[in-house]
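The values are calculated or read from the model by the stated rules, or taken from the named source; none is laboratory data. Remember, it's a predicted structure, so these values are computed and weren't measured experimentally. In this analysis, Cβ positions are derived from the backbone assuming ideal geometry, glycine residues included, and neighbour counts consider all displayed protein chains. Just the protein is used for accessible areas: all its heavy atoms, side chains included, with ligands, DNA and RNA removed. Shrake-Rupley method; radii C 1.70, N 1.55, O 1.52, S 1.80 Å.
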Amino acid sequence: MNFRKIGTAAALTALLAGAAQARDEVIVGLQLEPPHLDPTSAAAGAIDSVLYANVFEGLTRFMSDGSITPGLAESWDISEDGLVYTFKLRSGVTFHDGTTLDAGDVKFSLDRARAEDSQNAQKALFADIDTVEVVDPQTVRVTLSQPNGSFLFNMAWGDAVIVAPESIDGIKQTPIGTGAFKFSDWVQGDRIELVKNPDYWGDPAKLESATFKFISDPTAAFAAVMAEDVHVFSAFPAPENLPQFEADPRFQVLVGSTEGETILSTNNKMPPFDNVKVRQALAHAIDRQAIIDGAMFGYGTPIGTHFAPHNPDYVDLTEMSAYDPEKSKALLAEAGFPDGFTTTLKLPPPSYARRGGEIIAAQLREVGIQTEITNLEWPQWLEEVFRGKDFGLTIVSHTEPADINIYARPDYYFQYDNPAFQELMTTLNNTTEPDERSELLQQAQRMISEDYVNGYLFQLAALSVANVKVQGLWANAPTQATDLTGVYWQD
Amino acid sequence: MLRFALKRLLSLAATLWVASLIIFLSLEIVPGDPAAFMLGMNAQEDTLNALREELGLNQGPLQRYLGWVGGMLVGDFGTSYTYRTPVAEMILERVQVSLPLALYALTLSTVIAFPAGIWAASRRGRAADVTVMGLTQLGVAIPNFWFAMLMVLVFAINLRWFNAGGFAGWDAGFFPAMKSLTLPAIALALPQASILARVMRSSLLDTLSEDFIRTARAKGLTRAQALWRHALRNALIPVLTIIGLQFAFLLAGAIIIENVFFLPGLGRLVFQAISARDLIVVESVVMLLVFAVVLVNFVVDLAYAAVDPRLRGQK
């Protein structure tokens, strides 16, 4: 009799312990593994997916709706002329190695990012900084060489997080930040473990630990979620499986927005695309909804310009390039191509490009444009298309937030060279007044839409699957982050 | 025996040198700049140059080849472009998954194939033989990744006996680690066991029709005695060859199975490194795999000589 009691009690304890344990740790599946753990010296979004907001913080930070909120800077003053930013740092902030965060660390981080030998993948974010001065341990003054209306926004990027000179040498393997989680272990090829930072300056994390597991194969990702090996899968790679999760009471599917404008990039300098009529014909030949349905299984929002639809400044310009094959053919005839022409369509690996490319090729064929499809790996795509500009058409999602300013770079791979647009961006940079900025951004959206610079397809959706009891996850992905600071298990 | 071994060693070294040249040259031709991949679409030219300089990519090909080969001779495999850790350390970590997995799968395959092959051969043309032949036909025909997914569906998703993938790590203990390798090992072993069983059977049947078996039977041994004492050892040569090839394949060719079960093995490392143009990792791992294959063949050659004394004198 006694034995049975003991047995039951033991089983019960084990069960409770198991349940209690499950409630303060979370296992997150991600498709891509970070190459190393320094967000300030690589473009890989996977680094931010693990570390942004969890381990590293910047002066400002993104919220899940894409807005900016104070991060390590408690407040700031901007001078009348928009050139001098004086940041007041939070007090009592320590790095995970115990050292205190002070103005010197901020100066070090910003100077390192903009230095001659800097390896920052987004060095342009810091281009307008002229000097960084330490006023006192809690105050840092940044002087710009020209006004930059998006400076506070730039400082929220993962590439602008604050690092310490004491720990910089080992940062690629042992990241030391100020966040609510501390880095604990990295088994390369398998997982990264984080633990709660008990000395965090802000609201402490509700989880004791978090593990990121890297599962690159979409089928394996599906199996891992179904077998409940992972509690959350962020940026789930197989949209075709989502209805199955939606139908299963164990799971919740989170559909949010990203900053990824997926476009049919067009080589604006290469004939016949140097003719705006041809580009317009291209735009009218495309049926966006068919691409969203066919390539993304219905997930995605049609766009008519290079701007995120969830942004308050977004203008819906999809009508400018509505699906109209007859008009497209007429425009081609006007441009001198009554029988169409042949061009290249070079596709990088993501499924939006590979699947979308096949659909677009079929749609273009309807109006007489023949495409030669080439599938490229990323390094090849970067070399051939992005740097070599050897392409007619390509499909790519521009995932950087608020990146309409790339249209002001005539040497950028799609080679749009419009002085009026470039001037508009200069004006935008010199403007800090929100209403005026809003007006300018809308003008910019219209300008590139009217010039049919690229084929604007859809905004990439942020798709995540999670255990129904995991709460506090971001549905949106304003940057490639998996912010776990507010995540908890519901009872 | 010693001269035989020395000769084999010499050809082993030559093979490795040629392999190193081929690997290096073929990766030189592959387009794509590792630095551009690391820094992405918004990178500025000066940033790219700073990174290329640090990675040593601004040096000429000959200099890089000599640096790579020279380093390997003293056990230095270089530093990964993307991970920025010594390649030797990365390989060592991954071998802890790949090698046990290969051995596990090979053991399973052998344990299944030997009895099955012998059983089928000793009951040639009867029900047992037909069953074994039918099953092995199926085993060869089924793609192992599909079988792997099927096992995940049944044992991980429905029955919950196993995890869907991942490696528990040796720190977690021997049995949890072996448990996480079990489904992958079965998936890998199944086609191998089928091939091996068929080879075992046909080789045994060939041997059983040789004159010396008839002599043995004439001296009064039973069929079973003749099989176990005389035929088996003689039938082992082709089987050993297949086992050697299989081991090399299991070590290097488990990429797909490693992906299905998201195991941090060598295959996955190469896969990731290729897509990131982490050429130094690709070169070193491929070189190591070539070395393993060559070494296994060397051991198999020695094993031939041990099984068949006639081979020692030749060549």
ask   = What tally of residues in the range B:78-102 results from selecting those that are touching a strand residue (DSSP E or B) at 6+ places or on another chain (Cβ under 6 Å) and closer than 15 Å to residue B:270 by Cβ?
value = 0
message = Given the condition touching an Asp or Glu at 6+ places or on another chain (Cβ under 6 Å) and open to solvent by 30 Å² or more (accessible area, probe 1.4 Å), answer yes or no: does some residue in the range B:11-23 qualify?
response = no
note = Here the qualifying pairs (Cβ atoms under 7 Å; residues six or more apart or on different chains; first in the range B:72-95 and at positive phi; second of a type in the set (Lys, Arg)) come out as B:84/A:172
query = residue B:296: open to solvent by less than 30 Å² (accessible area, probe 1.4 Å) and within 14 Å of chain A (Cβ to nearest Cβ), yes or no?
reply = no
note = By residue number, the members of the range A:352-380 that are among the aromatic types (Phe, Trp, Tyr), touching a Leu at 6+ places or on another chain (Cβ under 8 Å) and within 11 Å of chain B (Cβ to nearest Cβ) are none
key: Qualifying position, being polar (S, T, N, Q) and either touching a strand residue (DSSP E or B) at 6+ places or on another chain (Cβ under 8 Å) or free of Cβ contacts under 8 Å to residues at least 24 places away in the same chain (or both), among A:280, A:252   = A:252
request  = Considering every residue within the range A:411-428, establish whether at least one is within 14 Å of another protein chain (Cβ to nearest Cβ) and open to solvent by 20 Å² or more (accessible area, probe 1.4 Å).
outcome  = yes
request  = Determine which member of the set B:274, B:280 is in contact with a strand residue (DSSP E or B) (Cβ under 8 Å, 6 or more places away or on another chain) and either under 23 Å from residue B:52 (Cβ atoms) or of a type in the set (Val, Ile, Thr) (or both).
outcome  = B:280
query = What is the residue count in the range B:231-251 for residues that are open to solvent by 70 Å² or more (accessible area, probe 1.4 Å), more than 17 Å from residue B:103 (Cα to Cα) and of a type outside the set (Lys, Arg)?
reply = 1
inquiry  = What are the pairs with Cβ atoms under 8 angstrom where one residue, in the range B:50-62, is within 8 Å of another protein chain (Cβ to nearest Cβ) and the other, located anywhere, is open to solvent by 70 Å² or more (accessible area, probe 1.4 Å) and of a type in the set (D, E, K, R)? Sequence gap at least six, or different chains.
reply    = B:50/A:116; B:50/A:117
message = Checking the conditions here, which among A:205, A:295, A:224 is within 21 Å of the chain's Cα centre (by Cα) and either within 14 Å of another protein chain (Cβ to nearest Cβ) or open to solvent by less than 20 Å² (accessible area, probe 1.4 Å) (or both)?
response = A:295
message = Given the condition at pLDDT below 85, touching a helix residue (DSSP H, G or I) at 6+ places or on another chain (Cβ under 8 Å), outside the structural domain of residue B:13 (by TED's automatic domain parsing) and in a loop (DSSP other than H, G, I, E, B), answer yes or no: does some residue in the range B:293-313 qualify?
response = yes
inquiry  = Going by what's in this entry, would residue A:197 be described as surrounded by 17 or more Cβ atoms within 10 Å (Cβ to Cβ), away from chain B (no Cβ under 14 Å) and not acidic (Asp, Glu)?
reply    = yes
message = Test of understanding: among A:118, A:109, which residue is open to solvent by less than 70 Å² (accessible area, probe 1.4 Å) and either in the same structural domain as residue A:472 (by TED's automatic domain parsing) or in a helix (DSSP H, G or I) (or both)?
response = A:109
request  = State whether one or more residues within the range A:393-403 are in a helix (DSSP H, G or I) and either at negative phi or touching a residue at least 60 places away in the same chain (Cβ under 8 Å) (or both).
outcome  = no
ask   = Does residue B:208 satisfy the condition of being over 14 Å from residue B:112 (Cβ atoms) and at pLDDT below 90?
value = yes
request  = Pull up the range A:381-399, narrow it to residues that are of a type in the set (Val, Ile, Thr) and within 13 Å of another protein chain (Cβ to nearest Cβ), then point me to the one that is most open to solvent (accessible area, probe 1.4 Å).
outcome  = A:399
ask   = Which one of A:60, A:99 is over 30 Å from residue B:278 (Cα atoms), crowded, with 18+ Cβ neighbours inside 10 Å and among the polar types (S, T, N, Q)?
value = A:60
note = In the range A:347-372, anything more than 20 Å from residue A:384 (Cα to Cα) and part of a loop (DSSP other than H, G, I, E, B) is listed as A:367, A:368, A:369
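Residue under question is residue A:160, and the condition is that it be open to solvent by less than 40 Å² (accessible area, probe 1.4 Å) and either within 14 Å of chain B (Cβ to nearest Cβ) or aromatic (Phe, Trp, Tyr) (or both); does it hold?
Working: open to solvent by less than 40 Å² (accessible area, probe 1.4 Å): yes; either within 14 Å of chain B (Cβ to nearest Cβ) or aromatic (Phe, Trp, Tyr) (or both): yes.
Yes, satisfied.
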task = Could you list, in sequence order, all residues of the range A:123-145 that are under 20 Å from residue A:101 (Cβ atoms) and either among the polar types (S, T, N, Q) or open to solvent by less than 50 Å² (accessible area, probe 1.4 Å) (or both)?
result = A:126, A:129, A:132, A:138, A:139, A:140, A:142
query = What are the pairs, 6+ residues apart or on separate chains, where a residue within the range B:10-34 that is within 29 Å of residue A:35 (Cβ to Cβ) and in the same structural domain as residue B:57 (by TED's automatic domain parsing) has its Cβ under 7 Å from a residue that is surrounded by fewer than 17 Cβ atoms within 10 Å (Cβ to Cβ) and of a type in the set (Val, Ile, Thr)?
reply = B:20/B:69
ask   = If the Cβ limit is 9 Å and pairs must be 6+ apart or interchain, which residue in the range A:421-438 that is acidic (Asp, Glu) pairs with which residue that is assigned to a helix (DSSP H, G or I) and modelled with pLDDT of 90 or more?
value = A:423/A:408; A:436/A:427; A:436/A:428
inquiry  = Anything in the range B:63-93 that is more than 14 Å from chain A (Cβ to nearest Cβ) and open to solvent by 80 Å² or more (accessible area, probe 1.4 Å)? List them, or say none.
reply    = B:63, B:66, B:73, B:74, B:76
query = Across the range A:237-249, which residue is farthest from the other protein chains (Cβ to nearest Cβ) among those that are touching a residue at least 24 places away in the same chain (Cβ under 8 Å) and open to solvent by less than 10 Å² (accessible area, probe 1.4 Å)?
reply = A:239
